[in-house]
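Okay, so here's the structure we're looking at.
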Amino acid sequence: MRESHHTVSFIIPFLNEANNLPRLLDVMDKFARTVERTRSIKMDVIFVDDGSTDGSRAILSACTRVRTPYMSVRVIRLSRNFGKEVALTVGLKAATSDAVVMMDADLQHPIVLVERFLDGWLTDGYDVVYAYKQTNEDEGRFRRLARRLYYRMINSNADAEIVPNAGDFRLLTRRAYEALRELPERQRLMKGLYSWIGFRQKGIPFTPAKREAGTSKFSTLKLALLALDGITSFTILPLRMATWTGLVLAIISGGYGLYTIFEKIFLGTAVPGYPTMMTTIAFIGAAQLIFLGIIGEYLGKVLVEVKGRPLAIVESDERLEEEARLLRSGTHDNVILHERKW
Ligand code: UDP
Ligand code: MG
C-alpha cells in the first residue's frame, strides 16, 4: 500500500530517561524505515528534554549518529523541569509536519499501535486517533475507584467529555494539533484539551507495556494534585456547590427556626440552647471556609493566567544530524543555539 508523501513527527517529552533512550531510538528508527517503505511517510522526531539531569541529552547526541539513519532528530531542551504537559505543548509548537504522534520515552507505548493510528488518519479520515488503556488491572483498587469517580464528576459538568483511560499516546493531524497549541491557557490539562478541540476522534484499546527502566515520575500525590487541577480547570461545579449548600443550609435552619417557635408556643418547652447553637455555628463556619478555599483555588488560577508568563523557557533547540555533520567537519563551535520563548 503506497500513499502520498506525508510527514509525521514523533513528539517525545522526557525527564531522566537515559536508560531508555538508546532502545527507544532503535525502535523508532526501525519503525521509520518500515513506514517509509510501505507508506512513503517520512518520520522525524522532536524530543523535549524536560530538564533532565542524568545525562540523557548527551546520550541522545551520542546515539543519534549511529542509531537513526532513517530519521532526523531534533532536541528542544527546556531550562528546567516544567512538567510533561508543558513539555508536550512546546513539542507541538515546534511541529510542522502533516501529523504528530505523541509518545512516552519509557517504551510503555507500543510503537506497533502507531500503524493503527496512521490507518485511522489516512484510511478512515480521523483527525485524532488515541490509545486508551483496556484495563486498569495494573493499578490498585483505590486508584481505580478514585479514577472512576473523578471522570464521572468532571464529565458531569465539563463542556467536552474527557475520555477515561486515554492518555497522551495519540496521533493528531495538523489542524488538530494547531488548534491544540493555540489554546492560550498556562495550566494545561492535556486530557481535557484533547476533547475540547473537537474534530472526529477515534480510540484504540491497548495494554501499556511495563516500564523498561527507571520509575514512574507520577506518584499518587502528584496524580491527585493533577486531578484537582483538572477539576478547577474544566468545571465550575465546585463553585456551584457553594450556592446549593448555602440553599440547603438556609432551608434547614429556617425550618429549625420555625420549629423552635412552634415548640415554644404549643409545647411550652424552653428553647434548648447551647449545644445546638454551637453545632450550627461551627457547621456554617466550616462550610464557609471550605467554599472560601474553593474560590481561592479559582482565584489562584486567574492570577496565573493574568500574569501571562511564557509556558516554558527553551534553553536550546538543535537538530542532531546537523550537529553530527558539523562535528565531523570540525566547525561545531560555530553552531548558534537560538533561544526562544514559547
Ligand atoms: N515526563 C516529563 N516530565 C515530567 C515527568 C515525566 O517529560 O515532569 C515524561 C517521562 O520521561 C516519560 C513520560 O513523561 O517519557 C511519562 O512519564 P512516566 O512514565 O513517569 O509516567 P507514567 O507512565 O507513570 O504515567
Ligand atoms: Mg511511563
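Helices in the chain, meaning DSSP H runs of at least 4 residues, each add -39500 (n - 2.57). Divided by all residues, the mean residue ellipticity at 222 nm is -16500 deg cm²/dmol. Here Lys93, Lys307, Lys222 are placed in order of increasing Cβ neighbour count within 10 Å, fewest first, which gives Lys307, Lys222, Lys93. As a proxy for reagent exposure, Phe206, Phe266, Phe218 were ordered by neighbouring Cβ count within 10 angstrom, fewest first; the result is Phe266, Phe218, Phe206.
So what's the angle, to the nearest 10 degrees on a 0 to 90 scale, between helix 21-39 and the longest Cα principal axis of the chain? Value to nearest ten degrees: 70. The GluC sites (Glu not before Pro) of region 88-183 that DSSP puts in a loop, and whose beta carbon has at most 15 other beta carbons within 10 Å, are Glu137, Glu139, Glu161.
Here the residues Phe283, Phe47, ranked from fewest to most Cβ neighbours within 10 Å of their Cβ, fall in the order Phe283, Phe47. For the chain, a Gaussian network of Cα nodes joined below 10 Å ranks Thr269, Thr232, Thr245 by mean-square fluctuation, and the top entry is Thr269.
In terms of its C-alpha gyration tensor, region 9-157 has an oblate overall shape, because the principal axis ratio a/c (a ≥ b ≥ c, square roots of the eigenvalues) is not below 1.5 and a/b does not outweigh b/c. When the chain is modelled as a GNM with alpha-carbon springs shorter than 10 Å, which of Ala18, Ala312, Ala213 fluctuates the most? Highest fluctuation of the listed residues: Ala213. For the options Gln187, Gln288, Gln201, a Gaussian network treatment of the chain with springs between C-alpha atoms closer than 10 Å singles out Gln288 as fluctuating the most.
Axis of helix 237-262 versus longest Cα principal axis of the chain: the two differ by about 10°, to the nearest ten degrees. Seen from a random direction on average, the alpha-carbon convex hull of the chain projects onto 22.4 square nanometres. Note on region 180-287: the C-alpha convex hull projects to 13.5 nm² when averaged across all orientations. What pairs in Lys133/Lys307; Lys84/Lys210; Lys210/Lys307; Lys30/Lys133; Lys42/Lys307; Lys42/Lys210 have C-alpha atoms more than 31 Å from each other? Beyond 31 Å between Cα atoms: Lys133/Lys307; Lys210/Lys307; Lys42/Lys307. Counting only alpha carbon atoms, the long axis of helix 274-307 and the longest principal axis of the chain meet at about 30°. Here the calculated FRET efficiency for Val248 and Leu223, from their Cβ-Cβ distance with R0 = 30 Å, stands at 0.45, rounded to the nearest 0.05.
Bear in mind these aren't lab numbers, they're just calculated from the coordinates by the rules spelled out. Because the structure is predicted, anything quoted here is derived from the model rather than measured. Methodologically, a virtual Cβ is constructed for each residue, glycine included, from the backbone with ideal geometry; neighbour enumeration extends over all protein chains shown.
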